[in-house]
Amino acid sequence: MSLKSERRGIHVDQSELLCKKGCGYYGNPAWQGFCSKCWREEYHKARQKQIQDDWELAERLQREEEEAYASSQSTQGAQSLTFSKFEEKKTNEKTRKVTTVKKFFSASSRTGAKKAAQERNLKQGQLGRERNADNILRDLKEIFTPSWELASPTEGNTAQLGELSACSTEIHEAKAPSPSINRQVSIETDRASKEFIEFLKTCHKSGQDIYKQCKIFLEAMHHKRELNIEEQSEYAQDFYQNVAEKLQTRSKVSPEKVEKAMDQIEKYIMTRLYKYVFCPETTDDEKKDLVVQKRIRALHWVTPQMLCVPVNEEIPEVSDMVVKAITDIIEMDSKRVPRDKLACITQCSKHIFNAIKITKNEPASADDFLPTLIYIVLKGNPPRLQSNIQYITRFCNPSRLMTGEDGYYFTNLCCAVAFIEKLDAQSLNLSQEDFDRYMSGQTSPKKQESENWSSDVCLGVKQMYKNLDLLSQLNERQERIVSEAKKLERDLIDWTDGITKEVQDIVEKYPLEIKPKNQPLAAIDSENVENDKLPPPLQPQVYAG
Amino acid sequence: MSGQRVDAKVVMLGKEYVGKTSLVERYVHNRFLVGPYQNTIGAAFVAKVMSVGGRTVTLGIWDTAGSERYEAMSRIYYRGARAAIVCYDLTDSSSFERAKFWVTELQNFEENCRIYLCGTKSDLLEEDRKKRGIDFHDVQDYADEIKAELFETSSKTGQSVDQLFQKVAEDYVQLMAFQVMTEDEGVDLSQKHSTYFYSCCHH
């Protein structure tokens, strides 16, 4: 039996998949067409340089921080830099008033943003701080606050565990109500920081170290914002690996604890980075999202039967599970931490398993699970699907993604999306004609199967569709009647016309001539006119015989 | 949420209905087709803790959809797998042809993945020798050629099932021990580097 002819589904030319460097391995668009090895080699040099730069930058920042700290120790130094976005806005509003007053005092010719920042500083320092410290602080603030919402850069050099708790109370204060759009985000960020710090306190000595590393990482990431997202991802992955290794080898933490700590670290840093690395403008993630979304919409007609989904939605429990699964997969978009997103996928998968188990009365295998997941994705059309997948791939702690249960479900989701993207008539066991007709929206398989509506459709809707069906039938019949009536009318007119014409023809052909009444009689009478020309009548003769 | 640590990824490959899921079920829950199924909701992913020479190893066993319509996606599944159990039905020669296809794929794209050939449903052969769809020696030769271990299992009787997974775990542990020895240098380098980097910023 030939394998080739048997294979169906999606086929991509092998050469399109291979690494650009020609090493024979598969490439990946996420690595610009290289395979993982070549990609690493290719970017190793660039990264080395980047690391060097970061190191220098970090050192410089450290120096500046120390200076700033020294010069502002007399005032309330540690507090001043706790800026989250909304707070900044709030102060902006306030300083606008101050600005007008201030104009009387200073002849500053600086432009808007700088002025605002400076004035903010002045206000923070209650207008009494030394100019030097102000300038340094302003610079620092311009580096940190507008983008990274760092907890508090100045306390970096004195980061004792005691400071950590001070930091957490600051964060608490920062939650003060403010009429800003960013409030929700900030609160979430603050909560994450608070939890993180609480967690670090339980780690004793290594907690302080972790905190420092995270902060350095976040600062470095900030300076990488203009870079390719893949490099940022690479950097984050390296960070995860380094921290985990360090914890395990240097601090001798048990693997379970490392896992826990890594989860917390991921949560802390990704809550902060989310805004900048989720669906970044430098990538075409958004475009891909729209493509997938459109694709799923166009496939609205796909039925569970076509996908061989082993789920019977007429059972109320099952349809309940299906709804829950759809809710979970949609909810994924609202989470910020990759691990939380994964948790949504896992939760969704568990509901799918339950649905299959109830239907089939045995645990689901992969042969049952994947089609059902595809069906759920088609039904739910989760928002920003590609962006979410990319984000998880790039920034999730890889140890979790590659092997564990979450990784399994995530892989299945990737498969489902790949399947949907490349789905064709064959993969649904349809003829090309049917597939094209369904895709163009000319007909819908549901119309033909309106009797077996899935059970999640409520009675009213079912009735409505039935009525719609009836109406369309009525409409059809009415149209037929109207057209028949018109035809009849036309026929009648034609018939009248035809008869008239026929009559006329006949009349023309046989014109009516009325002859004088007596003439024929006279003619009959005159028949003997020429009697005289006839020979004389025979006379009887007697012969002597 | 499920956060069980998993050391190695083991992926099950094989044509539809060769019994991949049954094999996993048999191994993990020691049962075949009949219940009680209450404990598990799905057999698609299983994390199994095993002990090898005093060490514990957790295998994450990934079931895959065998249907040909998902064939194009199979590479997503075995990416990063440490071991692949390629199943074929002993009574169905076409399933062995498909197994060969997967072996080739694995050799080409996942060179770090060890391959285990697994003929399933051996209990059917015990009932009737003639049912064997493919010669044992042919398979053995093929297995030698691709440097794969060969097992003939029955999920019904449990024949060779435990041995198969035990072997997978043992090989993994051995490989890890070997890698730790050879990779020490690389790990050290990166560590020195990061130490340098981080310590500079604290003083």
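The values are calculated or read from the model by the stated rules, or taken from the named source; none is laboratory data. All of these numbers come straight from a predicted model, not from anything done at the bench. For neighbour counting, all protein chains shown are included, and Cβ atoms are generated from backbone atoms with ideal geometry for every residue, glycine included. The protein model used for the area step is the full one, side chains on, heavy atoms only, and it has no ligands, DNA or RNA in it. Shrake-Rupley method; radii C 1.70, N 1.55, O 1.52, S 1.80 Å.
What the table below lists for this structure:
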read-out: From B:LYS100, B:LYS121, B:LYS131, residue being more than 13 Å from the chain's Cα centre (by Cα), open to solvent by 30 Å² or more (accessible area, probe 1.4 Å) and more than 25 Å from B:GLY158 (Cβ to Cβ); value: B:LYS100
read-out: Residue count for the range B:20-31, restricted to those that are more than 10 Å from chain A (Cβ to nearest Cβ), touching a residue at least 40 places away in the same chain (Cβ under 8 Å) and within 14 Å of the chain's Cα centre (by Cα); value: 2
read-out: Qualifying residue in the range A:374-388 (condition: facing another protein chain (nearest Cβ under 7 Å) and assigned to a helix (DSSP H, G or I)); value: no
read-out: The lone exception for B:VAL86 - which of (1) modelled with pLDDT under 90; (2) crowded, with 19+ Cβ neighbours inside 10 Å; (3) away from chain A (no Cβ under 12 Å) it fails; value: (1)
read-out: Candidates A:VAL291, A:VAL311, filtered to the one that is open to solvent by 10 Å² or more (accessible area, probe 1.4 Å), in a loop (DSSP other than H, G, I, E, B), out of contact with any Cys (no Cβ under 6 Å at 6 or more places or on another chain) and not aromatic (Phe, Trp, Tyr); value: A:VAL311
read-out: Scan of the range A:237-247 for residues that are more than 11 Å from chain B (Cβ to nearest Cβ) and more than 17 Å from A:LYS215 (Cβ to Cβ), ordered by number; value: A:GLN237, A:ALA244
read-out: Output for the range B:144-176, where each listed residue is of a type in the set (Ser, Thr, Tyr) and more than 23 Å from B:GLY19 (Cα to Cα); value: B:TYR172
read-out: Residue match in the range A:411-425 (condition: out of contact with any Phe, Trp or Tyr (no Cβ under 7 Å at 6 or more places or on another chain), open to solvent by 50 Å² or more (accessible area, probe 1.4 Å), within 12 Å of chain B (Cβ to nearest Cβ) and under 30 Å from A:ASN242 (Cα atoms)); value: no
read-out: Odd one out for B:ILE76 among (1) closer than 26 Å to A:GLY404 by Cβ; (2) within 14 Å of another protein chain (Cβ to nearest Cβ); (3) buried (at least 23 other Cβ atoms within 10 Å of the Cβ); value: (3)
read-out: The lone exception for A:ILE51 - which of (1) facing chain B (nearest Cβ under 10 Å); (2) of a type outside the set (D, E, K, R); (3) over 22 Å from A:PHE217 (Cα atoms) it fails; value: (3)
read-out: In the range A:328-365, the residues that are within 17 Å of A:GLU405 (Cα to Cα), among the basic types (Lys, Arg) and within 11 Å of chain B (Cβ to nearest Cβ); value: A:ARG339, A:LYS350
read-out: Residue pairs meeting the criteria (Cβ under 6 Å; at least 6 apart or on separate chains; first open to solvent by 10 Å² or more (accessible area, probe 1.4 Å), in the range A:336-354; second not in a helix (DSSP H, G or I)); value: A:ALA343/B:MET1; A:ASN354/B:ILE41
read-out: Within the range A:258-287, tally of residues that are closer than 15 Å to A:PHE196 by Cβ and of a type in the set (D, E, K, R); value: 5
